[in-house]
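Trainee: Have a look at the structure that comes next, please.
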Amino acid sequence: MSVTVDLLHIPGCARCADSREDLRMAARAVAADELIWRDLDVIEHMDYAVTLGVLTLPAVAINGHLVFSSLPTPDQLRRALADPPKPRPSDGR
C-alpha cells in the first residue's frame with residue numbers, strides 16, 4: 001500500500017526548505033518504495049488545505065489526514081509513518 005505525504009507550505013518559507021530533505025529522507029526510511037511525497041504550495045492547493053483544516057504553515061498530511069499542524073522532526077514523522085492513517089477516498093486531486 002502506498003503512503004502519501006503532503007508538505008503544505010508557502011513559497012519562500014526558509015524553515016520549510018531547510019527541513020524538507022531531512023523529512024523526505026525520514027519518510028523514505030519508513031515507506032521506501034511505497035512513498036508518494038508531494039510538496040504543495042498552499043496558495044495553489046488552498047481548497048485541499050481548507051478541507052484538511054490547516055490553520056498554520058508548514059503542515060504535514062499523511063494519506064489525506066492532517067497529522068502535523070506544524071513542522072515535525074524527522075523522528076516524529078518516522079513514528080507517524082510507522083502506523084499511518086488509512087487513505088481517504090480519492091477526490092481527483
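Trainee: What percent antiparallel are the DSSP beta bridges of the stretch 3-82, to the nearest 5?
Mentor: Numbers: 7 of 14 bridges.
DSSP beta bridges in the stretch 3-82 are roughly 50 percent antiparallel.
Trainee: Less than 11 Å Cβ to Cβ from Leu71, Lys/Arg counted +1 and Asp/Glu -1: what total charge do the surrounding residues give?
Mentor: Values: positive: Arg15, Arg20; negative: Asp18, Asp22.
Cβ neighbours under 11 Å give a net charge of 0.
Trainee: Which residue, Gly64, Gly53, Gly12, has the most motion in a Gaussian network model of the chain that connects Cα atoms within less than 10 Å?
Mentor: Fluctuation is largest for Gly12.
Trainee: If you rank Val50, Val60 by fewest surrounding Cβ atoms within 10 Å, what's the result?
Mentor: Listing Val50, Val60 from fewest to most nearby Cβ atoms yields Val50, Val60.
Trainee: Further, regarding this structure: Is the shape of the chain best called rounded, prolate or oblate, per the rule: a/c under 1.5 gives rounded, else a/b larger than b/c gives prolate, else oblate, with a ≥ b ≥ c the square roots of the Cα gyration tensor eigenvalues?
Mentor: oblate
Trainee: Using a cut-off of under 14 Å, list every residue of the stretch 1-15 whose amide N is near the label point 7 Å from the Cα of Lys86 along the Cα-to-beta-carbon line.
Mentor: none
Trainee: Please arrange Thr4, Thr56, Thr73 by how many other C-beta atoms lie within 10 Å of their C-beta, fewest to most.
Mentor: Numbers: Thr4 19, Thr56 9, Thr73 13.
Result, fewest neighbours first: Thr56, Thr73, Thr4.
Trainee: Using a Gaussian network model on the chain with a 10 Å cutoff between Cα atoms, which of Pro72, Pro11, Pro58 fluctuates the most?
Mentor: The residue with the greatest mean-square fluctuation here is Pro11.
Trainee: Within a 10 angstrom radius of the beta carbon, how do His9, His65 rank from fewest other beta carbons to most?
Mentor: By the 10 Å Cβ count, ascending: His65, His9.
Trainee: Compute the relative contact order of the chain as a whole-number percentage, counting only Cα pairs closer than 8 Å that sit 6 or more residues apart in sequence.
Mentor: Reported relative contact order: 36 percent.
Readers should treat all values here as calculations from the given coordinates under stated rules, not as data from a laboratory. Computed from a predicted structure; not experimentally measured. As a convention, Cβ positions derive from the backbone with ideal geometry for all residues, glycine included, and neighbour counts pool all protein chains shown.
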